[in-house]
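Chemist: The structure's right below; bear with me while I get my questions together.
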Amino acid sequence: MTATLHTASPAPDMAETPTAWLTRLRLNPASRAVQHDLRDVAALHRRVMTLVADGLGDSPRARAGLLFRLDHDGTGAPTLLVQSRTAPDTGRLPAGYADARTRQMTALLHALRPGLTVRYRLLGNAIKRCGRNSTDGRWKQEIALRGPDAERWWENQAHKAGLILHTLQADETDTLTAWHRPARAGQKDKIAFHHQGVRFDGMATIGDADALRHALLHGVGRSKSYGCGLLSLAPGNPGA
């Protein structure tokens, strides 16, 4: 969904504007590797991590600035968006995995300014953590938010991200299931961890361009390793 935003108003110097790369992968549903990755978001995460350099030490996803989101409208091939702070190497994907197109985001990040109207999309992990005296669950338990509660979660996150929301559509997506090997010795079967995503779409005006750049580059909310948190922008007026 991310597209170039055009503006003639003052913006940060292009040389000082941080950059990132956005890779659009049109997945091949006939690929066995794709079929495997779509069943396990942890495997999908490992796959997209192959696009960036090895040896990034602790927290390699965060160090690479890697965010990803699977978009699928129910028709045609699903699209995987991958954003990274370093140029990706799509040649490391299996043969026949996807049709890949990559472009730099410098122009988009440079064009952001207060007052600009944009369309947005975010797959967010809208959750709340229970406090010590919570009646909703045990202490520190994470509870998925739905309906108006999920919308309020995004309104709060959008405000932090420098966006002034005008419209908001929230749609629950399929549960994101990640399979991990058990930590206990002697336990062989993998354990499934489930993450609920909510896709938010709508129109907004930029209120704080610096906060928005930070949100674009670092992601929004939790569960970024499971395909949540990538914020996409496109021009807000159809003629842009």
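Chemist: Please give the peptides 42-51, 161-170, 115-124 ranked by average Cβ packing (other Cβ atoms within 10 Å per residue), highest first, as a rough proxy for protection.
Modeler: In decreasing order of mean packing, 42-51, 161-170, 115-124 become 115-124, 42-51, 161-170.
Chemist: Which of rounded, prolate or oblate describes region 20-104 when judged by the alpha-carbon gyration tensor and an a/c cut-off of 1.5?
Modeler: prolate
Chemist: What is the extension gain from ASP54 to HIS72, computed as 0.36 nm multiplied by their sequence separation minus the C-alpha to C-alpha distance, in nm to one decimal?
Modeler: So the extension gain works out to 3.6 nm.
Chemist: Here is a follow-up. Averaging sequence separations of C-alpha pairs under 8 Å and six or more residues apart, then dividing by the length of region 20-104, give the relative contact order as a whole percent.
Modeler: 51 percent
Chemist: Considering amide H positions built from the backbone, and no H for Pro or chain starts, which residues 5 or more places from ARG222, or on another chain, come under 5 Å of its amide H?
Modeler: The answer is ASN125.
All of the numbers you see were taken from the coordinates with simple rules; none came from a lab. Remember, it's a predicted structure, so these values are computed and weren't measured experimentally. Heads up, the Cβs are rebuilt from the backbone with ideal geometry, glycines too, and the neighbour counts pull from every protein chain shown.
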